[in-house]
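Below is one structure, written out as structure tokens; comments come after it.
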Amino acid sequence: MTAALPQADQGTGGGGRRHGRDLREFARGGAIGLVSSVIAAASGFLLTVVVARTLGVAEAGVFFVVVALFTIVAEIAELGADTGLVRTTARLRALGRVDELRRS
């Protein structure tokens, strides 16, 4: 069963302002995500340098293996929850049911 999507505002009403506000929110979220990714990458690189210089070869190897295993286990445990959240959010916004997003 599919639900009909609400029709876009074709007039000169408030649709343009809402679109602009949504676009600004989207751009701001993207910029924050980009900055966060750069910070995370730089932090990871610095951690790698510190661990490699502080620990011996064997200890650094063990450390990185443990980090890799933890990362794999965390990704498996996530089970696509982030993808489901993005999909559900987009779907509810498209259906005009934004109020259901703010309940939790």
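The values are calculated or read from the model by the stated rules, or taken from the named source; none is laboratory data. These numbers come from a predicted model, not from an experiment. So basically every Cβ, Gly included, is an ideal-geometry build from the backbone, and we count neighbours across all protein chains shown. With ligands, DNA and RNA removed, areas are computed over all heavy atoms of the protein, side chains included. Shrake-Rupley method; radii C 1.70, N 1.55, O 1.52, S 1.80 Å.
Quick rundown of the values:
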| item | result |
| --- | --- |
| Of all residues making up the range 16-35, the number that are among the acidic types (Asp, Glu) and over 16 Å from ALA90 (Cα atoms) | 0 |
| Which listed residue, of LEU23, LEU101, LEU95, LEU55, is in contact (Cβ under 8 Å) with a residue 60 or more places away in the chain and not hydroxyl-bearing (Ser, Thr, Tyr) | LEU95 |
| Residue check, ARG97 loosely packed, with under 11 Cβ neighbours inside 10 Å, out of contact with any Gly (no Cβ under 7 Å at 6 or more places or on another chain), basic (Lys, Arg) and under 19 Å from PHE26 (Cα atoms) | no |
| Selected residue [at pLDDT below 90 and either assigned to a loop (DSSP other than H, G, I, E, B) or loosely packed, with under 11 Cβ neighbours inside 10 Å (or both)] from THR83, THR71 | THR83 |
| Residue list for the range 35-47, filter: open to solvent by 60 Å² or more (accessible area, probe 1.4 Å) and at pLDDT below 95 | LEU47 |
| Verdict on GLY20 being open to solvent by less than 100 Å² (accessible area, probe 1.4 Å), small (Gly, Ala, Ser) and at pLDDT below 90 | yes |
